[in-house]
Amino acid sequence: SRMAICPNDFYFEKNLGDSIVNFQRKVALITGGSSGIGRAAAIAFGKAGANVIVAARREAEGTETVELITHAGGAARFIQADVSNSDGIVELMDRMIETYGQLDCAFNNAGTEGKFAPISDAPTPPRSAVSVGFSETPKNL
């Protein structure tokens, strides 16, 4: 359920044959940024110059991600959030806007695994990692 939403106003530069995205003065929100692909994405956005919001449920791991970003020369802040429900998303957006006043890019990496069982055994339609990444994205962004 990984999806990056970025406006087309970011530009690419050529540097020794590699494409580099410049996110200077941009704010990037990374959900599920406390480990794995989310952590790697958060560090990459930080290295590209973004002000990174690391959003995750686990505070210790999220704070560690922020430390890795700042150690690499980036700017980041951790916001503890549960984006599996609308109230958690609203609180996250409020805190992010309060801090930076804008959102330029979202890397929607958060997901839930749920119970592993055949889909025929599910009592209600299953909520998958994909549904957290897509259905709970704020509609007004």
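For the ranges 50-57, 101-108, 31-38, what's the packing order if you count other beta-carbon atoms within 10 Å of each residue, average per peptide, and put the highest first?
By packing density, highest mean first, the sequence is 50-57, 31-38, 101-108.
In nm, to one decimal, how far is the modelled label at Arg58 from the one at Ile97, with both set 7 Å along Cα→Cβ?
So the two model labels end up 3.1 nm from each other.
In terms of the ratio Rg/(2.2 N^0.38 Å) built on C-alpha atoms, what value belongs to region 33-118?
1.09
Note down the net charge around Asn51, summing +1 for each Lys or Arg and -1 for each Asp or Glu among other residues with Cβ under 15 Å from its Cβ.
In short, +3.
Only the coordinates and a few stated rules stand behind these numbers; no lab work does. A quick note: this is a predicted structure, and the numbers were derived from the prediction, not measured. Every residue, glycine among them, receives a Cβ derived from its backbone with ideal geometry; neighbour counts consider all protein chains shown.
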